1. Would you confirm, using the coordinates I've provided, whether Val26 is touching a helix residue (DSSP H, G or I) at 6+ places or on another chain (Cβ under 6 Å) and modelled with pLDDT of 95 or more?
2. If you take the residues of segment 4-36 that are in a helix (DSSP H, G or I) and either in contact with a strand residue (DSSP E or B) (Cβ under 8 Å, 6 or more places away or on another chain) or basic (Lys, Arg) (or both), which of them is surrounded by the fewest Cβ atoms within 10 Å (Cβ to Cβ)?
3. List the residue pairs whose Cβ atoms are under 9 Å apart, where the first residue sits in segment 34-57 and is over 24 Å from Thr3 (Cα atoms) and without any contact (Cβ under 8 Å) to a residue 40 or more places away in the chain, the second is of a type in the set (Ser, Thr, Tyr) and part of a helix (DSSP H, G or I), and the two are 6 or more positions apart or on different chains.
4. Name every residue in segment 7-43 that is closer than 25 Å to His69 by Cβ and among the aromatic types (Phe, Trp, Tyr), in order of residue number.
Amino acid sequence: MNTADYDKALYYTHRSQWDNLLILMVRTKDDFLSKKIEHFLHAYNFEKDYTVIERQLYSLLRYIDHASHDFDEEEITALL
């Protein structure tokens, strides 16, 4: 998987660039990342309960962290 997608997702989320995050959601090859972005953007735009938005944001950020960490381990093993 392309680590640039995870970096972009993190950057766009941090900078509140929702349009760019939506474009990334459509273009990424990582189905799980796409789904996490979709759930977060839906909650952000339509949910009135802030705890739901917060939960979806943390879910997205945890997945980005997890996927980035897994990718780093795969790169290290491939180099050895």
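The values are calculated or read from the model by the stated rules, or taken from the named source; none is laboratory data. These numbers come from a predicted model, not from an experiment. Here the Cβ is made from the backbone with ideal geometry for all residues, glycine too, and neighbour counts use every protein chain on show.
1. no
2. Arg27
3. Once the first residue is over 24 Å from Thr3 (Cα atoms) and without any contact (Cβ under 8 Å) to a residue 40 or more places away in the chain and sits in segment 34-57, its partners that are of a type in the set (Ser, Thr, Tyr) and part of a helix (DSSP H, G or I) give Ile53/Tyr44.
4. The answer is Tyr11, Tyr12, Phe32, Phe40.
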